[in-house]
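Novice: One structure follows; several queries about it will come next.
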Amino acid sequence: MATKFDLFGLEPEEKETYKKYTTKVEAPQYLPKNKCPSIYDLVDTKKYSELCAEINSAPITEEQKEFLRYAATRHMVFRYDRIADYYAHQDKTMQELMEKSALVIIDFDDAIANGYVKLNKELIDIALKQSNISDIWDGEIDG
């Protein structure tokens, strides 16, 4: 019976490479700067504004314009380094709203509570069993 190593042309010594990977992730510690950035410096809306101007002047229906304006929001560029600095200087209400919008993720438990992390150990175990990847995966799965 062929193994995944055979199917993908991996040599026996390459199997060991896969065993070096881990699911452990250590988040870097952020240290806020002393100066709070302007709220207007947190997002670059240049491309979004250009698209909206073009959309608004186009000879299409209002419903089409509304849809295209929603789509244009994908072109906003959030400056997460500045957002983190801004967050550090805000009151509790603003900080909580920023966390709920996933502009900052303070800790793993909050990310789970706000619905941004949905996988857990059981789901990963099921996926590993179904894909038969467990024959090359021996990393720890934190749950």
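The values are calculated or read from the model by the stated rules, or taken from the named source; none is laboratory data. The shown structure was predicted, so the numbers you read here are calculated from the model rather than taken from an experiment. Here the Cβ positions follow ideal geometry from the backbone for every residue, glycine too, while neighbour counts run over all protein chains shown.
Novice: Among the residues of the stretch 40-59, write down those that are surrounded by 12 or more Cβ atoms within 10 Å (Cβ to Cβ) and not in a helix (DSSP H, G or I).
Specialist: Leu42, Val43, Asp44, Thr45
Novice: Going through the stretch 78-93 one residue at a time, which ones are under 17 Å from Tyr40 (Cβ atoms), over 14 Å from the mean Cα position of the chain (by Cα) and exposed (fewer than 13 other Cβ atoms within 10 Å of the Cβ)?
Specialist: Asp81
Novice: Please enumerate the residues belonging to the stretch 60-87 that are more than 25 Å from Glu99 (Cα to Cα) and not in a helix (DSSP H, G or I).
Specialist: If the condition is that a residue be more than 25 Å from Glu99 (Cα to Cα) and not in a helix (DSSP H, G or I), then Ile60, Thr61 are the ones that fit.
Novice: Could you tell me which numbered condition Thr17 fails, if it satisfies all but one of (1) β-branched (Val, Ile, Thr); (2) within 30 Å of Lys129 (Cβ to Cβ); (3) at pLDDT 70 or above?
Specialist: Every listed condition holds for Thr17 apart from (3).
Novice: Taking interchain pairs and intrachain pairs at least six residues apart, which have beta carbon atoms under 7 angstrom, with the first residue in the stretch 70-94 and within 23 Å of Leu31 (Cβ to Cβ) and the second surrounded by 12 or more Cβ atoms within 10 Å (Cβ to Cβ) and of a type in the set (Ser, Thr, Tyr)?
Specialist: Hits for this filter: Ala84/Tyr30.
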